[in-house]
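> The structure's right below; bear with me while I get my questions together.
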Amino acid sequence: FSPSSQDYVLTNTGDGTFDWSVSKSVNWITLSATSGQLAPGASATVTVALNSAANDLSAGTHSDTVSFAN
């Protein structure tokens, strides 16, 4: 698979701390983190990666939605 992962950088540009979360629904995607808290000016990187379960998928197109929320 190419690419096998994608990094997403979350940055708090506001004045207050906020909580965030990430979700997905399939078993062949792994998230490096599923939630956290960002202080003002702080950032966090979440890696969305295909795991070994992706090897068991049949040929064709497969998709899922990865949702970020605060």
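> Quick check on packing: order 53-65, 6-18 by the mean number of other C-beta atoms within 10 Å, highest mean leading.
Working: 53-65: 8.8, 6-18: 11.5.
Top to bottom by mean Cβ count within 10 Å: 6-18, 53-65.
> Quick one: Cα centre-to-centre distance for the stretch 1-22 and the stretch 56-70, in angstrom?
A separation of 18 Å, based on Cα centres.
> Please report, in whole Å³, the volume per residue of the convex hull around the C-alpha atoms of the chain.
Details: hull volume 5.6 nm³, N = 70.
About 80 Å³ per residue, rounded to a whole number.
> Leaving out ligands, DNA and RNA, and with a 1.4 Å probe, what % of the accessible surface on the chain is carbon or sulfur? Write down the numbers at each step before the final one.
Numbers: 2100 of 4660 Å².
Here carbon and sulfur together make up 45 percent of the probe-accessible area.
> If you roll a 1.4 Å probe over the heavy atoms of the protein chains, what accessible area per residue do you get for the chain, in Å²?
Numbers: 4660 Å² over 70 residues.
Value returned for the chain: 67 Å² of accessible area per residue.
The values are calculated or read from the model by the stated rules, or taken from the named source; none is laboratory data. If you're wondering where the values come from, they're calculated on a predicted model, not measured in any experiment. Cβ coordinates were reconstructed from backbone atoms using ideal geometry, including for glycine residues, and neighbour counts include every protein chain displayed. Surface accessibility is based on the protein's heavy atoms, side chains included, excluding ligands, DNA and RNA. Shrake-Rupley method; radii C 1.70, N 1.55, O 1.52, S 1.80 Å.
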